[in-house]
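Some notes on the structure that comes next.
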Amino acid sequence: LSLQESLLLKSLGLSAKPSPKIPVPVPSVLWRIFQKRKTPPATNRDPADGCRVEEFNVPGNIIRVFADQGHFIHSAQPQPLLCLQKRLYFNLSVLEEGERLTMAQLEIKFSHNSYHSPWPGQGFELRLYRSCQVPLRGTPSLGPGRKLLVEQSFARLHKSLLFNLSDVAKDWTTNSRNLGLILEIAVSGDGASAAVSAGPRSLCAGIDSFLDTSLLVVTLSQQQCRASRRRR
Amino acid sequence: SAYNVPITPSNLCKPRRLYISFSDVGWENWIIAPQGYMANYCLGECPFPLTAELNSTNHAILQTMVHSLDPEGTPQPCCVPVRLSPISILYYDNSDNVVLRHYEDMVVDECGC
C-alpha cells in the first residue's frame, strides 16, 4: 500500500507523504485565496486559468508561504540608532524539480498599536541586504559580503511591509546559493536629535513589536500545467 | 438479441456521487483543507442506440456498430469522465510550510461514452 500511495502522491506532484512537525497557522492570504477558489468557476473558464494566480497576476499553480528560519544578530560593537538586525533565511530547497519560480514577496509584520505609541509619528529606516558569503559560526560579521537590495523609510503606522524579491529568489533557485538576507531597522535621521535626549533604546521601543517575516512564493509546476495546455 | 435487453435509465452512463474524505485515506494530518470533497465517478452502460444524453464520441458510435456485429470480440464503449473541474488544496509540506496548490481534473462533472 505504501508503494501505491507514494506513486499516487508522485502523480499529485509530491515526492513523499508530508508529516508536519510543528504546524503553523494558515497565513491569511492563502486562506483568502483558498476560500475564493471554492466558489464554482464559470463554465466558460479558460483551462489556462488554473496555471495562473489571478491575485498576483503571474503564472503559477502552487503558492507557498515560507517561515523565516534566520536568527537575530547581536553585534559586539553597539551601533547607535540601530534597533534591530536579523538574518532572514527561507529554505527554498523544498521546491520540486520542474517547478519554475514566478514570484516571491517578502512580508515584514508588526503587531504594534500606533495609538498607544509614545512617539506616534516616529520614522524608521529599513535596509534589506542580500547575504553573499557564509557567516562563520559564532561571528556576527557583516563585512563586505552583502549587497543592498532595499532602503526605505517607514512610519510606525504600518502593520506590514511588502517587498518584491522575485529576482533574488529566482537567482537562488537557478544560479547561486541561497545565503539568506540581512534585515536592519534603525531610527531615521529625523529621530537622531531626539535620540540624543531620549536615548536610542527608548526610540527603538516602538520596533519591539516586530512580529515576524515570511516569504510568499508562487511557482509553476511544468508537469501539472503541460497537461492542460496539451488538451487545449 | 443484445438490442432487446432493456436498459433502465438508472443503468445508463452518468456521474454517480462519490465523496472522498482525506481522513479515510490517512491524509488528514497534512491536508488542511478541504477535509474532503465531492469527486464523483462515472458508471453505467453505453447501449445501442447512443443518445445525445450519453455524450458519445464518433469513435463510440463506430465501436457500438462493431460490437453489434461481434459482441464477443469487441466490447461496448466505456463510460468515462468527459468534463472535470479543478479544486485547490491547502496542505503542510515536510518543512511545515503552508502550500496552496491548484489541481486540475479533480471533480467529475459529466460522463460520456
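Observations, loosely collected:
- Extreme residue, positive dipole direction of chain B, given options B:CYS78, B:VAL25, B:ALA52 (C-beta unit charges): B:ALA52
- Eigenvalues of the alpha-carbon gyration tensor of chain B, scaled by 5 and square-rooted, set the equivalent ellipsoid semi-axes at 39, 13, 11 angstrom, largest first.
- Sites A:GLU55 and A:LYS109 - FRET efficiency at Förster radius 22 Å, r taken between beta-carbons, to 0.05: 0.75
- Within 10 Å of each Cβ in B:102-110, the average number of Cβ atoms from other chains: 4
- On Cα atoms only, tilt of B:58-69 relative to the major axis of chain B in degrees: 50
- Its Cα centre serving as origin, chain B has a Cβ charge dipole (Lys and Arg +1, Asp and Glu -1) of approximately 260 debye.
- Helix-derived mean residue ellipticity, 222 nm - over chain B, DSSP H n ≥ 4, -39500 (n - 2.57), to 500: -3500 deg cm²/dmol
- Cα extents of the stretch A:69-112 along the three principal axes, largest first (Å): 46, 26, 15
- Working from label points 7 Å from Cα in the Cα-to-Cβ sense, the A:LEU12 to B:ASN29 distance is 1.5 nm.
- Taking 28 Å as the straight-line reach from the Cα of A:LYS109, the lysines in range (excluding those fewer than 8 positions away in the same chain) are A:LYS21, A:LYS36, A:LYS38, A:LYS86, A:LYS147, A:LYS159, A:LYS170.
- DSSP bridge pairs, chain B: antiparallel proportion in percent, nearest 5: 95
- Average other protein chain Cβ within 10 Å of Cβ, residues A:10-22: 4
- Averaged over the residues of peptide B:83-96, the number of Cβ atoms from other protein chains lying within 10 Å of each residue's Cβ is 6.
Read-outs: derived from the displayed coordinates by stated rules, not from any lab. None of these values were measured; they are calculated from a predicted model. Positions of Cβ are generated from backbone atoms using ideal geometry, with glycine treated the same way; all protein chains shown enter the neighbour counts.
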